[in-house]
1. Output wanted: per-residue J couplings in Hz (rounded whole) for segment 325-332, from phi through Karplus 6.51 cos²θ - 1.76 cosθ + 1.60, θ = phi - 60°, x for Gly and Pro.
2. Arranged from highest to lowest average of other beta-carbon atoms within 10 Å per residue, in what order do the peptides 302-309, 140-147 appear?
3. Ordered by residue, what ³J(HN,Hα) values in Hz, to whole numbers, does segment 212-217 give under the Karplus form 6.51 cos²θ - 1.76 cosθ + 1.60, where θ = phi - 60° and Gly and Pro are x?
4. Which residues in segment 209-231 place their backbone N less than 12 Å from a point set 7 Å from the Cα of His181 along the Cα-to-Cβ direction?
5. From the backbone phi of segment 151-166, what are the Karplus-calculated ³J(HN,Hα) couplings (6.51 cos²θ - 1.76 cosθ + 1.60, θ = phi - 60°) in whole Hz, Gly and Pro given as x?
6. Would you mind giving the average projected area, over all directions, of the Cα convex hull of segment 166-252 in nm² with one decimal?
7. Give me the number: length gained by fully extending Val317 to Ala166, i.e. 0.36 nm times residue separation minus the C-alpha to C-alpha distance, one decimal in nm.
8. For Asn79, what residues show an amide H to amide H distance below 5 Å, using hydrogens built from the backbone and excluding near sequence neighbours?
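Taken together, the values in this text are just the output of simple stated rules run on the coordinates, not laboratory data. The model shown is predicted, which means the values in this text are computed figures rather than measured ones. Virtual Cβ from ideal backbone geometry, glycine too; neighbours counted across all protein chains shown.
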Amino acid sequence: MSSLRRDPITRRLVIIAPERSPVLARSLRPIGRPADAHHDDLCPFCPGNEALAGRELLAWRPPGAHHDGADWRVRVVANRLPALRVESDLGHPPDALFESFGGLGAHEVIIESPRHDASLQTMSDEEIALVLWAWRERMRDLRRDFRLRSFHIVKNIGMEAGATMAHAHSQLLALPLVPEHLEDELLGAKVHYERTGRCIFCDLAAEETANAQRLVSRAGGALAFVPFAARVPFETWIVLEEHQHAFESTGDAGLAAAAAALGDVMRRLEAALESPSATILLHTAPAEVSAHASFHWHLEVIPRLVPVTGLAWDGGVHINPVLPEEAAEVLRGVSDTIRPDGSKASAGGGRA
Ligand SMILES: [Zn+2]
Ligand SMILES: [Zn+2]
């Protein structure tokens, strides 16, 4: 039975239409992709090719390693074809009709592993935590530029998500404005805060834990759940139970919990859907003090199983053929995921 659901934060409408999907899960998956090698001599992100990848902005190397050597675990470089640059200006002042901004911003690439064929499914929790550490350190640095107002992490996995490089990477974009989708979230969170005095994400975390219908996993202070008004099949959010408006304010323990949850969710998606293409987004508060109490950073994992249809493009109304509660059940049902080091991650829906 179809239903119209409204996202409690953004008030965005989603059409949940399970009857549009006669067969669930496995039928939605794309064909398997070939296994890659650990190293590709031609890949600019592989160790040894550092000079090809662009200017290094940050790297984690073991103590004693040469400062620009190939012995890194995670590495951030400037995008060689940036969509935005910090050297640009803010553009013309907006006129009544056409608001334009210059190319001001930052566009960086986080090379997540020295292994060419690494993925969030095969990386250890510690390796994923290093990636989150790189996101956090770069955001802390970019926040000091007062012209930059919002910070975005985008990770595209697979062809359907538009990934153009095989080597595991994510991108950081810093913008001189707050895009509409984030404005919507901020506003929804603010309205809830003004009405109740509480953060809506903290409330959602408590509710999804208590109700457990849409819960995927809960461990170490991190929660993964399918949102009530999921836009696409198997959309999953990761939220820390500790309130923190900005990602870069999160301590190492929070990063470790989020990293473990992210690896676990990606392994569940792989087991249920056999490595779907996906986009991972980090939503964090912009450089505005007013969001401190009401906003709460989180990760959104968006599997790219179905094409985005006309109504979603036009009015932002998605049609989701999989019931969110059913998607959560499928992901929970994946028996304890096995970490790459052989140890078991949290049980589905299990308590911390
Ligand atoms: Zn590579
Ligand atoms: Zn909160």
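1. For segment 325-332, the Karplus-derived couplings read 5, 6, 4, 4, 5, 4, 5, 5 Hz, x marking Gly and Pro.
2. 302-309, 140-147
3. Those phi angles translate into 6, 5, 10, 6, 9, 7 Hz.
4. Counting backbone N atoms under 12 Å from the label point, the list is 231.
5. Residue by residue, segment 151-166 yields 10, 10, 10, 10, 10, 9, 10, x, 4, 4, 8, x, 5, 10, 10, 6 Hz.
6. Dividing the Cα hull surface by four gives the mean projection, 8.1 nm².
7. Working: separation 151, 0.36 × 151 = 54.36 nm, distance 3.15 nm.
Using 0.36 nm per residue and subtracting the Cα-Cα distance, I get 51.2 nm.
8. Those qualifying (amide H under 5 Å, at least 5 residues apart or on another chain) are His107, Glu108, Val109.
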